[in-house]
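A.B. asks: Below is the structure I would like to discuss, written out as structure tokens.
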Amino acid sequence: MQETILIAEDEAILREIAKDYFTNEGYEVLEAADGEEALHLFQTNDPALIILDIMLPELDGWSVCRRIRKTSNVPIIMLTARSDEEDTLLGFELGADDYVTKPYSPPILMARAKRLLDSRRRLPVNTVHQSLSLGGISLNLTSRSASVDGRTLHLTFTEYEILALLMKNPGMVITREQFIAKIWGYEDAGDDRTLNTHIRNLRIKLGDKSSLITTILRIGYKFEDPA
């Protein structure tokens, strides 16, 4: 079954180039030239991944991302023509999973999209470990859902990946380099604040349980085993 990619980009040439790359790789592509159209296509279809330009007419990419995150954890890659890092961090705070700065290399965009898609459809091989529960936090590794003391957590794709990596290795320090390699899948995910922003958002959602994630200064993070 073909996976569907939603590309929201107001520059027709760039949108067409990206569409050609994904179509040639066997994906079905939906196109949106503005934010309102992107939201409509998201609501009336079930895209496996969204590529979302920040500077969209009608409704900017930040607003689109914010509205999508109210109902879905579909992977989102933000496109930005700005070099201002604050724009990127804002995208992460609103729930984006990755970002690519324009002008970009289509093969790089494809590689990052495939990384998100591959992780999303990867299911646990050993059924014994389909669920994981520590300190009142529970993960369903098959459905990629999470809860705290029975309360559902609405995590983004990347937030879930970070939490799962920490909980699968309780008491072990996960370095920043390991996070980048395992979560982002490439050597450089940008400034340290990228990871920091995702961790901060995750802690906010965990509430009282946020203390289970400990910062190891200048090294990384670990999940405190409550046992």
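The values are calculated or read from the model by the stated rules, or taken from the named source; none is laboratory data. Predicted model, so just to flag it, every value in this text is computed and none were measured. Note that we place each Cβ from the backbone using ideal geometry, even for glycine, and neighbour counts take in every protein chain shown. These accessible areas exclude ligands, DNA and RNA; they are computed on the full protein's heavy atoms, side chains included. Shrake-Rupley method; radii C 1.70, N 1.55, O 1.52, S 1.80 Å.
The rows are residues; the columns are (1) farther than 20 Å from Gly207 by Cα; (2) surrounded by fewer than 19 Cβ atoms within 10 Å (Cβ to Cβ); (3) of a type outside the set (A, V, I, L, M, F, W, C).
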| site | (1), (2), (3) |
| --- | --- |
| Gly136 | no, yes, yes |
| Leu139 | no, no, no |
| Ser145 | no, yes, yes |
| Asp149 | no, yes, yes |
| Thr158 | no, no, yes |
| Ile162 | no, no, no |
| Thr175 | yes, yes, yes |
| Ala181 | yes, yes, no |
| Gly185 | yes, yes, yes |
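A.B. asks: Among the residues of region 1-33, write down those that are open to solvent by 70 Å² or more (accessible area, probe 1.4 Å), assigned to a loop (DSSP other than H, G, I, E, B) and more than 19 Å from Val100 (Cα to Cα).
C.D. replies: Met1, Gln2, Glu25
A.B. asks: Then there's this: I need the full set of residues from region 80-92 which are touching a strand residue (DSSP E or B) at 6+ places or on another chain (Cβ under 9 Å) and either at pLDDT 90 or above or not hydrophobic (A, V, I, L, M, F, W, C) (or both), in order please.
C.D. replies: If the condition is that a residue be touching a strand residue (DSSP E or B) at 6+ places or on another chain (Cβ under 9 Å) and either at pLDDT 90 or above or not hydrophobic (A, V, I, L, M, F, W, C) (or both), then Thr80, Arg82, Ser83, Asp87, Thr88, Gly91 are the ones that fit.
A.B. asks: Quick one: in region 181-225, which of the residues that are out of contact with any helix residue (DSSP H, G or I) (no Cβ under 8 Å at 6 or more places or on another chain) and at pLDDT below 90 is farthest from Thr88 (Cα to Cα)?
C.D. replies: Out of the qualifying residues, it is Asp225.
Table: residues versus (1) out of contact with any His (no Cβ under 9 Å at 6 or more places or on another chain); (2) among the acidic types (Asp, Glu); (3) part of a strand (DSSP E or B).
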site: Asp46; (1), (2), (3): yes, yes, no
site: Ile51; (1), (2), (3): yes, no, yes
site: Glu58; (1), (2), (3): yes, yes, no
site: Ser63; (1), (2), (3): yes, no, no
site: Asn73; (1), (2), (3): no, no, no
site: Ile77; (1), (2), (3): yes, no, yes
site: Phe92; (1), (2), (3): no, no, no
site: Tyr99; (1), (2), (3): yes, no, yes
site: Pro103; (1), (2), (3): yes, no, no
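A.B. asks: Can you run down the residue pairs with Cβ atoms below 8 Å, 6 or more apart or on separate chains, where the first is in region 163-180 and at pLDDT below 90 and the partner is of a type in the set (Ser, Thr, Tyr) and in a loop (DSSP other than H, G, I, E, B)?
C.D. replies: Partner pairs satisfying both residue conditions: Ile180/Tyr186.
A.B. asks: Assigned to a helix (DSSP H, G or I), among the small types (Gly, Ala, Ser) and at pLDDT 90 or above: does that describe Ala113?
C.D. replies: yes
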